[in-house]
Amino acid sequence: MFAFLGSHLAVLAPFFHDVIAGAVTTVLSSVAAFALGILIGAALLLIRQHGGRALAWLVILYVSVIRGTPALIQMLVAYYVLPAVLNLNISPLQAGILALALNTAAYVSEILRGALNSLGRGQIPAARALGMPAFQVWRYIVFPQLFYRSIPPLTNEFTMLLKASSLMSIIAVHDLATVARDATLQTNLPLQVFSATAAVYFAILFVASSASRGLERRVAKVLPNVH
C-alpha cells in the first residue's frame, strides 16, 4: 500500500513547490474563512436571540438559503455577483474566503444555537439579575460554554470547509486543487495526481482533527465542570 501511495506521490515531485504553495493557500484561506465564519455565525445567533422577530426571520431565511443552495453557486455569486452589485474590487482569493465564510457562518450559527438549547435555562436570567449587561453575560458566561460544547461539531464543520475550499479553483485561486488540475494537464496522469492530492488533503485534515482533540482535552482541564 505504501509503495502504491509512494509511486503516486512521486508524480507530484516535479511540482513540489507548487504543491506546498497550494497547500499553504488552502490551509490559510480555510482558517481565515473559518475564523470569519465563527464571528458572523455568533453574530447571527445574537441577532436571532435578541434582534426581534423581523431580524430573527431574516437570519432564519439566510441560514435556509445557504443550506439549500450549492456551495459552488455561492462561490460564483461571491466572485461575480456581489462585486458588481456592491461595486467592490476584490481578488479571487478574497471572494473565495468570503464565500466560504458566509457558508460556514450559517452552519456555525445552528451549531451554537443547538449548544445554547442544551444550557441551563436559568443561567442568563440569573446573570442578568445580578446586574450584568447582556454583552458581558454572553461574553463571559454563555459563549465560553457554547464553544466548548461545540468543539466536535465545529471541528467537523472545519473539515467540511477545508474540503469545500477546493471550489476556489473554479474562480482561479491557486490552491491545492488548482495545482492538481495543472499537474494533470501536464502529466496526463489523472489517477496518480488526484490520488496523491487526496493524500495531501487527508494529511492536512488528520492534523486538524488531532489538534482539535488536543484542544478539547486542554479546555476540559480549564473548564472541568462544563459538560
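Using just the helices of the chain, give the 222 nm mean residue ellipticity in deg cm²/dmol: DSSP H runs with n ≥ 4 each add -39,500 (n - 2.57), and the total is spread over all residues, rounded to 500. Write out the running numbers ahead of the final one.
Numbers: 11 runs with 172 residues, N = 227.
Helix contribution divided over all residues of the chain: -25000 deg cm²/dmol.
To the nearest 20 debye, what charge dipole does segment 112-227 have about its Cα centre, counting +1 at the Cβ of each Lys and Arg and -1 at the Cβ of each Asp and Glu?
On the way: 11 positive and 4 negative charges, 129 e Å.
Charge dipole of segment 112-227: 620 debye, to the nearest 20.
Please give the net charge around Gly22, taking every other residue with its beta carbon less than 13 angstrom from that of Gly22, where Lys and Arg add +1 and Asp and Glu add -1.
Numbers: positive: Arg181; negative: Asp18, Asp175, Asp182.
The answer is -2.
Specify which labelled value, from [x] 1.31; [y] 0.95; [z] 1.05, agrees with Rg/Rh (Cα atoms, Kirkwood Rh) derived from the coordinates of the model shown.
So the structure-derived entry is [z].
In whole Hz, with x marking every Gly and Pro, tabulate ³J(HN,Hα) for segment 212-219 from phi via Karplus 6.51 cos²θ - 1.76 cosθ + 1.60, θ = phi - 60°.
5, 5, x, 4, 4, 5, 5, 5
Which order results if Glu110, Glu157 are arranged by neighbouring Cβ count within 10 Å, fewest first? Please list the in-between numbers first.
Numbers: Glu110 18, Glu157 21.
Starting with the residue having the fewest Cβ neighbours, the order is Glu110, Glu157.
With point charges of +1 on the Cβ of Lys and Arg and -1 on the Cβ of Asp and Glu, referenced to the Cα centre of the chain, which listed residue (Leu88, Met75, Ser64) lies farthest in the positive direction of the dipole?
Of the options given, the answer is Ser64.
If Lys and Arg each add +1 and Asp and Glu each add -1, what is the summed charge of the other residues whose beta carbon sits under 15 Å from the beta carbon of Arg181?
-3
Could you give each residue of segment 55-71 its phi-based ³J(HN,Hα) in whole Hz, using Karplus coefficients 6.51, -1.76, 1.60 with θ = phi - 60°, and x for Gly or Pro?
Once rounded to whole Hz, the list reads 5, 4, 5, 5, 5, 4, 5, 4, 4, 5, 5, 4, 6, x, 10, x, 4.
Relative to the Cα centre, what is the charge dipole magnitude of segment 2-222, using +1 at the beta carbon of each Lys and Arg, -1 at the beta carbon of each Asp and Glu, and rounding to the nearest 20 debye? Can you show the working numbers first?
Details: 14 positive and 6 negative charges, 207 e Å.
That gives a dipole near 1000 debye.
Would you mind ranking Ser30, Ser118, Ser212 so that the residue whose beta carbon has the fewest other beta carbons within 10 Å leads the list?
Fewest-to-most Cβ neighbours within 10 Å comes out as Ser118, Ser212, Ser30.
Tell me, what ³J(HN,Hα) does each residue in segment 135-152 have, in order and in whole Hz, if you take phi through Karplus 6.51 cos²θ - 1.76 cosθ + 1.60 with θ = phi - 60° and put x for Gly and Pro?
4, 5, 4, 5, 5, 9, 10, 7, 4, x, 5, 4, 5, 5, 5, 9, 4, x
Once the dipole of segment 2-222 is set up with Lys and Arg at +1 and Asp and Glu at -1 on Cβ about the Cα centre, which of Ile111, Leu176, Val24 lies farthest towards its positive end?
Selected residue: Ile111.
Read-outs throughout are calculated quantities, based only on the coordinates presented, and are distinct from any laboratory measurement. In this text the structure is predicted, and so the values were computed from the model without any measurement. So basically every Cβ, Gly included, is an ideal-geometry build from the backbone, and we count neighbours across all protein chains shown.
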